[in-house]
Amino acid sequence: MRSRTLWIAVFGGIITLGLVAAVVTAFVTDNPAPSAASTSTGSSSVSDTFDLPIGLQKDTLALAKHQRDLLVGLAAQPGGPVEVAVVRGDTPVGSDAVRVSVDGRDVPTESCGTGCSRAQADVLQGGPSVVTVRAGGPPVSFRLPRSLPASGRSAFDRARRTMSALRSYRFTERLTSGGGVVFTHLAVQAPDRLSLRTNSGDRSVIIGRKRWDYQEGRWQEGPFPGLAAREVLMWYDAKNPRIVRRLPNGDVQLAAYGLKPVPAWFRLTVEPSGRVAEAEMTAPAHFMLHRYSDFDSVPAIKPPQ
């Protein structure tokens, strides 16, 4: 819960396009975000948002896209089923308003929970497939490979070890809920320091159990519950990573799904060294892209003067 709340506080709250100070202050409450009210361990379930029963099962490929505020995510297993979660903003779209086709032919669907539609389709089993989802707007299509992609567990574990062992790094964040976009530049220094600046000029610094927010022309100090640098890696607890692409330079792209810090689909580009070059998260009303750089070369983060 702590890492989930931290991530929501530092990053997720920015989606409101409000002040960073309000975002950081949000950490002091342990209430989950509205779009992630509850989770279950046996399957993916987000109260009042969406269900995805096979999302965390083995032998599953999880992919997601968004069009403005419409999230379309799927989980597919060899030979079926294919489960599709559709959420507009924070509002789930019922299965009666969702059409699914495979290779151009409509397939019958049934509800698999809140915002979830299940189709029986012969996918990931001998030939590529195109799954298209229609939910009252332009169609959203996914090209599925001939078979279930190879496990990316080794590359993912290497990325977890490498990134969590760094002394420092920077990353830029692009965050939107489907409308306005917030760009944030962040620096992280182990074990417990972070600084950030948004494209609108808002700034914050966190060091251990203290934070400073730049407001009304000056820095204002306040308490903070504490920060661990690893908790800033929003993809760290993703599950069932699959290798969906191998790049000529040796990088691999992984697709995964997880419930922490919020239920979401993840896509990572991992270098042979284990460093993550880029990470993308797709969750209801939270469409986020992180690009990492300056590994172990960030100047010391100090209390602002």
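Quick note: the coordinates plus some simple rules give every number you see, no bench work behind them. These figures come from a predicted structure and were not determined experimentally. Every residue, glycine among them, receives a Cβ derived from its backbone with ideal geometry; neighbour counts consider all protein chains shown.
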Hits among lysines - C-alpha to C-alpha of residue 65 under 30 Å, sequence gap 8 or more where chains match = 239, 260
Under the rule rounded for a/c under 1.5, else prolate if a/b exceeds b/c, else oblate, using alpha carbon gyration tensor axes a ≥ b ≥ c, the stretch 192-305 is classed as prolate
Check cross-link reach from residue 210 to the lysines: straight Cα distance under 16 Å, and skip same-chain residues fewer than eight apart.
-> 302
For the stretch 190-232, list residues with backbone N below 18 Å from a point placed 7 Å from the Cα of residue 300 toward its Cβ?
-> 190-195, 205-210
So, in nm, how far is label residue 58 from label residue 278 when the simple model puts each one 7 Å beyond its Cα toward the Cβ?
-> 3.2 nm
In the stretch 149-230, GluC sites (Glu not before Pro) in a DSSP loop with at most 14 other beta-carbon atoms within 10 Å = 216
Tensor-based shape of the stretch 96-236 (alpha-carbon gyration tensor, a/c under 1.5 rounded, otherwise prolate or oblate) = prolate
Residue 67 versus residue 125, label points 7 Å from Cα toward the beta carbon: distance in nm?
-> 2.9 nm
